[in-house]
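Below is one structure, written out as structure tokens; comments come after it.
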Amino acid sequence: MLIDGPKQGNVIPDGFNPNYLKVYYGRLFPHADIFKWMSYGNDGRHPACDKSYFGRREFSFTLDNDIYLRFQSFNSESELENSIKEKCPSKIDIGPVYSVDPAKRHAYAQGGDNVFAPVERELIFDIDITDYDDVRYCCSGADVCLECWPLMTVAIKVIDTALRDDFGFDHILWVYSGRRGVHCWVCDGKARRLTNEQRGAIADYFRVYKGNENSNKKVSFPGPLHPFLVRSYTEVLREFFEEKLLLSQNLFSTEERYEKILSMIPDESVTSELRGKWQENRRSSNSKEDINFFRWEQLKNTLQSGKQKVQGLRRCVEEIVFAFTYPRLDMEVSKHRNHLLKAPFCVHPKTGRVCIPIDPKDCEEFDPTTVPTLSELLRELNTGDSRMDVDNEWEKTSLGKSIRFFRSSFLQPLLKSCKEEMESGYKAKIQQTKNSLSW
């Protein structure tokens, strides 16, 4: 079956349109996997499961002309799938699990009791590369390239390690946003049940940046570094700054750029000394890359020399590295349970790229420029071998690798854990009932 819409033979033009999206939702989108994930084992098969659980989850659809449908809810996998196929949303957002069915919230509000409230939600993080515009010179705004994308890689490494090692979370999903950033879903039961106050505390754990976009110094460490920050600096940030970012962004190549770094040093005598050296000798060799490295080494040696007795000046080196490389989170998204976040495997309408999962263990290999696009996937469907004996059509496309990773590395371990937690709670409840009757 070929798709409906403009084409010449099997040639499908690049782009994003409703006809393409209709085929994608009809033949490739993993409806069943999204349902299983959002059910967390509450699929009706275990006596302890909550059969209303999935039906209390909010889905939000964005339709053509920016029509926004909030508080959509579904009682089954088929209801979810049929609604997506019928409405063909350009974006699907996932919200919290509410105390009651969100589609019937008005009926409960008329009763006078304020019973409609979010009760469960994954701990989520949203990182957008546009928030790094003051430290990247290759791109700005929504543009991204392979020179600045590693900033997202560093964010994944730092945040993922802390979530697992410092907070003990296991079931973490990283997803490419489709254009210029990454999303993180922490799905452990203890993460989903966090209050807003607890979420705020975790978000503050990651907070380093102070001030605003006009502040010269956004990072300040007045005392000893927290062990988490020490680990991030020594294992990830320092090496990335010195071996990649320093050269890829030419941080010291012009007066305007190095003045920005000098403005982070609070001692005027030090900045004057460095400025004088750099203005006298505008280059250390014929290579601009050498200028960046050479000037950074000069700055480090000056700040960390024996004559700089003030601890704050020695710490400036670390503060500069953090200012340029440390993850920049949208704190408000993480702090509140009622925030929506785009569902994995959506298609970004501006780029046509699918929001595929990213393996945090192999995130350095992720290349946003090679992510499958909607038109590429439909071409693969049209040119695929019709004799291939596969259960799902996505197995014939480049989307298959991402769905298989989602299942094997995230969904299956998560559901196994959910079943074990459900069974443990059920057995404890049975034992408690037996104990109360054995008087």
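Worth pointing out:
- The stretch 264-281 residues that are over 15 Å from residue 315 (Cα atoms), paired with ones that are surrounded by 13 or more Cβ atoms within 10 Å (Cβ to Cβ) and polar (S, T, N, Q) (beta carbon under 7 Å, 6 or more apart): 273/302; 274/298; 274/302; 277/298
- Within the stretch 43-72, the only residue that satisfies the criterion of being part of a loop (DSSP other than H, G, I, E, B), open to solvent by less than 40 Å² (accessible area, probe 1.4 Å) and under 21 Å from residue 338 (Cα atoms) is 53.
- Output for the stretch 164-213, where each listed residue is assigned to a helix (DSSP H, G or I) and over 20 Å from residue 416 (Cα atoms): 165, 196, 197, 198, 199, 200, 201, 202, 203, 204, 205
- Scanning the stretch 42-57 for residues that are at pLDDT 95 or above and among the basic types (Lys, Arg) yields 56, 57.
- Residue 317 part of a helix (DSSP H, G or I) and in contact (Cβ under 8 Å) with a residue 60 or more places away in the chain: no
- Within the stretch 387-418, considering residues that are under 23 Å from the mean Cα position of the chain (by Cα) and not in a helix (DSSP H, G or I), the one farthest from residue 354 (Cα to Cα): 398
The values are calculated or read from the model by the stated rules, or taken from the named source; none is laboratory data. Since the structure is predicted, the reported quantities are computational estimates derived from the model, not experimental observations. Neighbour counts are summed over all protein chains in view; Cβ atoms, including those assigned to glycine, are modelled from backbone coordinates with ideal geometry. In case anyone asks, the SASA skips ligands and DNA or RNA and just uses the protein heavy atoms, side chains included. Shrake-Rupley method; radii C 1.70, N 1.55, O 1.52, S 1.80 Å.
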